[in-house]
1. Consider the stretch 31-60. How many of its residues are in a helix (DSSP H, G or I) and either of a type in the set (S, T, N, Q) or out of contact with any Lys or Arg (no Cβ under 9 Å at 6 or more places or on another chain) (or both)?
2. Among (1) out of contact with any helix residue (DSSP H, G or I) (no Cβ under 7 Å at 6 or more places or on another chain); (2) modelled with pLDDT of 95 or more, there is one condition Ala44 misses while meeting the rest; what is its number?
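The values are calculated or read from the model by the stated rules, or taken from the named source; none is laboratory data. Please read these numbers as outputs of a predicted model, since none were measured by experiment. Reconstructed Cβ throughout: ideal geometry from the backbone, glycine too, with neighbour counts over all protein chains shown.
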Amino acid sequence: MPSNSTSNWSTEETGALISIWGAGEIQRKLDGMHRNIEVFEEIAKAMVERGFNRTAAQCRSKTKALKQKYRTTRDHNSRSGRDRITCPFYNEMDAFLRDRPSSRPAVIRDSAAPARQDDAEESADEFDSSSEADNSLNSGLSESVNNGGTETF
């Protein structure tokens, strides 16, 4: 069923767009591209071949809106204590957006925890060396006390 170029997208048309957008070749072309209008021109051409008259700008705008809805749904569901929600075509988009860097939520670090294993080992090494210094001070203190307190520090 062909559509005009209005902003309303039918379920069938949105499904076709997601099918084209999610193709491995299209995803590879979109990787690392900032000026991707050529890829969306290719998507619009494929939409026309399927009987839907959409421009590259309309396809780009719709994919951005779909991606935002997907991210909102995924982020909501990733927080514990919340009821799960869904959005149309979530599973279809999850199949190709799940592992994309632009779709992963930012990792929030606990400021009390080391960022890397190396940092944890360095912290442990610093603790060990300060403990050794404390032990030598304590050793000297006990010698000083045992010698009648005649040594000065």
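1. So the first thing to find is which residues in the stretch 31-60 are in a helix (DSSP H, G or I), and the list is 37-49, 56-60.
Subsequent filtering for residues that are either of a type in the set (S, T, N, Q) or out of contact with any Lys or Arg (no Cβ under 9 Å at 6 or more places or on another chain) (or both) retains 41, 45-46, 49, 57-60.
Of the residues in the stretch 31-60, 8 are in a helix (DSSP H, G or I) and either of a type in the set (S, T, N, Q) or out of contact with any Lys or Arg (no Cβ under 9 Å at 6 or more places or on another chain) (or both).
2. Only one criterion is unmet by Ala44, namely (1).
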